[in-house]
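One structure is given below, encoded as structure tokens.
The values are calculated or read from the model by the stated rules, or taken from the named source; none is laboratory data. Since the structure is predicted, the reported quantities are computational estimates derived from the model, not experimental observations. Because the Cβ atoms are built from the backbone with ideal geometry, glycine has one as well, and the counts that use them run over all protein chains shown.
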Amino acid sequence: MASRRSTGPLTYGSRKFRRIGADDVTQIYAQAGWYRERHEPEQSWRGVLRRRTRPAGPAGRAALAFALELEDRALDVYAANVEPLLTPYVGSEVVAVGKLVSLRDEGFGDELWLASIGSASRGEP
């Protein structure tokens, strides 16, 4: 049987998924082809992950269930099919690595697409 490369997030069924601890970094979309193909630079942000009210209506982005609160603003976090991976971080200070993607041409705003997230207690900037 040929091996199959995953292009999505780790899930609870994955043998690599494990309980999140202070020293762990949780991979979100880092290996997804659609994430890697985006031209935006990968950056790191430190802030507090919060749940947010999802936009309502047919044009709403239901995957925007979280926001990363920074000192001067909040970034909407794209979280399609990864809520169980992000929920343990809600209310905690985190280091998020990802791409700030503008969907303004499509009628939306800016979204943070996560490659990974981890506890800020690890001492990262």
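Those residues that are charged (D, E, K, R) and touching a helix residue (DSSP H, G or I) at 6+ places or on another chain (Cβ under 6 Å), I need them from segment 92-109; list them, please. Listed by number, the list holds a single entry, Glu93.
Results for (1) over 15 Å from the mean Cα position of the chain (by Cα); (2) modelled with pLDDT of 95 or more; (3) surrounded by 15 or more Cβ atoms within 10 Å (Cβ to Cβ), shown as yes or no for each residue.
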site	(1), (2), (3)
Pro9	no, no, yes
Tyr12	yes, no, no
Lys16	yes, no, no
Arg19	yes, no, no
Ala22	yes, no, no
Ile28	no, yes, yes
Trp45	no, yes, yes
Val48	no, yes, yes
Thr53	yes, no, no
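Inspection of segment 58-66 finds a residue satisfying the criterion of being surrounded by 15 or more Cβ atoms within 10 Å (Cβ to Cβ), modelled with pLDDT under 75 and farther than 18 Å from Ser119 by Cβ.
Reported count of residues in segment 78-91, each being touching a helix residue (DSSP H, G or I) at 6+ places or on another chain (Cβ under 9 Å) and modelled with pLDDT of 95 or more, is 0.
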